[in-house]
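What follows is one structure encoded as structure tokens, with my remarks underneath.
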Amino acid sequence: MLALTCQKIYQAVTNVPTTTPLHITIATRESRLAMWQAEHVQTLLHTCGHTVTLLGMTTRGDQILDRSLSKVGGKGLFVKELEVAMDNGMADLAVHSLKDVPMNLPPGFELACVMEREDPHDAWVSAVADDLADLAPSAVVGTSSLRRAALLQERLAAMGRSDVRIEPLRGNLDTRLGKLDSGAYDAIVLASAGLKRLGLPQRIRRIFTFEEMLPAAGQGALGIEIKSDRADLRAALAPLMHMPTWLRVASERAVSRAMGGSCSVPLAAHARWQGGSLLQLDAAWGDEQLAMPVLRASLSADVKSIDQADALGLAVAQGLQAAGAKPRT
């Protein structure tokens with residue numbers, strides 16, 4: 001019955017019959033969150049009648065924990081080994097948190113599916129403080145993101161809290177929580193989606209509003225990458241696709257692409273449906289040294305296609321540049 005439901009969904013999307021069930025191998029990082037994401041897709045594809053196995057891998061992004069991503073190669077460190085596995089035939093697809101996926105994929109690869117988004121907000125995690133304002137003097141807040149650091153610094157400056165230190169925090173979600181619990185930090189900021197997917201919503205002390213902490217492009221959404229010549233996989237993944245989410249993240253990623261977004265640029269971009277096909281896209285940019293005020297831009301447009309989503313993202317990026325933001329080349 002569930003497989004039949006998948007067939008009906010697929011036929012509604014493509015207007016053609018479903019393909020023969022496939023034997024699919026998913027390449028995945030071995031962190032608990034990455035495995036949850038891969039297993040989630042595995043279950044859905046099983047429901048659609050496919051046979052699916054997982055290939056656990058360790059990426060360079062998982063191995064290098066003593067330096068910030070901006071200093072060792074950026075987002076691509078989390079996907080390169082998975083792409084090599086697809087290229088040599090060891091795997092058929094890879095499941096990614098979209099905020100970790102470079103804006104431009106290597107030749108021969110494509111984003112074939114974007115799934116329905118989980119909560120995109122950032123979360124404040126602390127055992128000692130309800131919020132920034134409640135931190136003790138000289139407290140330490142950990143984050144792995146320049147975007148979060150820039151936005152936290154902006155809020156701290158508005159409070160006159162120059163005593164609070166923002167320190168780098170690397171590692172998978174469990175590692176970061178462990179560092180918090182060991183007392184190395186008074187609070188940390190994490191993506192709400194990861195905590196909820198792993199059944200840890202109780203660790204969230206509060207959820208930041210979008211006005212306080214605008215998310216990264218693609219935050220909370222899962223994307224599935226394949227080789228561009230795999231039409232069979234593209235068809236198999238069609239039932240998992242969520243076009244409202246894809247249009248949102250396409251506009252967000254277009255901002256990042258136009259601004260040269262990477263882990264070395266404090267850049268936020270988040271799109272929200274305002275009713276019907278009206279999409280509002282907000283973005284924020286900070287300089288790499290966190291020395292300039294955060295700049296913002298926002299636009300709304302009628303969006304019904306990826307091209308229109310890309311155009312909205314480019315227009316917002318141009319708004320950031322008009323305000324003084326410098327694209328990274």
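Every number in this text was worked out from the coordinates using simple rules, so none of it is lab data. What you are looking at is a predicted structure, and each value in this text was computed from that prediction instead of being measured. FYI the Cβ positions are ideal-geometry reconstructions off the backbone, even for glycines, and counts take in every protein chain you see.
Okay, here's what the table says:
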| read-out | value |
| --- | --- |
| In degrees, nearest ten, helix 146-159 long axis to first principal axis of the chain (Cα) | 30 |
| Residue-by-residue Karplus 3J(HN,Hα) for the range 246-256, coefficients 6.51, -1.76, 1.60, Hz, glycine and proline x | 4, 5, 4, 6, 5, 5, 5, 5, 5, 4, 4 |
| Using alpha-carbon coordinates, inclination of helix 32-47 to the longest axis of the chain, degrees | 30 |
| Relative contact order %, the range 140-265, counting alpha carbon pairs below 8 Å whose residues are six or more apart | 27 |
| Spacing of the two label points (7 Å from each Cα toward its C-beta) at Leu200 and Thr175, in nm | 1.3 |
| Distance between modelled label sites at Ser277 and Ala158, nm, 7 Å Cα→Cβ extension | 3.5 |
| Centroid-to-centroid separation of the range 315-329 and the range 182-207 [C-alpha atoms, Å] | 32 |
| Percent RCO, i.e. relative contact order, over the chain, from Cα pairs under 8 Å lying at least 6 residues apart | 20 |
| Ellipticity estimate at 222 nm from DSSP helix runs (n ≥ 4, -39,500 (n - 2.57)) divided over the chain, nearest 500 | -10500 deg cm²/dmol |
| Cβ crowding within 10 Å averaged over residues, with 196-202, 25-31 ranked highest first | 25-31, 196-202 |
| Inter-centroid distance (Cα atoms) of the range 81-115 relative to the range 129-162, Å | 34 |
| Given charges at Cβ of Lys, Arg, Asp, Glu: the range 248-322 dipole, positive-most of Leu290, Ala315, Ser277 | Ser277 |
| Phi to ³J(HN,Hα) by Karplus 6.51 cos²θ - 1.76 cosθ + 1.60 over the range 215-226, Hz, x for Gly, Pro | x, 6, 4, x, 4, x, 10, 9, x, 10, 9, 9 |
| Using θ = phi - 60° and Karplus 6.51 cos²θ - 1.76 cosθ + 1.60, couplings along the range 319-329 (whole Hz; Gly, Pro as x) | x, 4, 5, 5, 7, x, 6, 10, x, 7, 9 |
| Entries in Lys99/Lys227; Lys196/Lys326; Lys99/Lys304 that, when Cα-Cα distance is taken, lie over 24 Å | Lys196/Lys326 |
| Only Lys, Arg (+1) and Asp, Glu (-1) charged, at Cβ; the chain dipole about Cα centre in debye | 140 |
| Cα extents of the range 122-207 along the three principal axes, largest first (Å) | 36, 23, 21 |
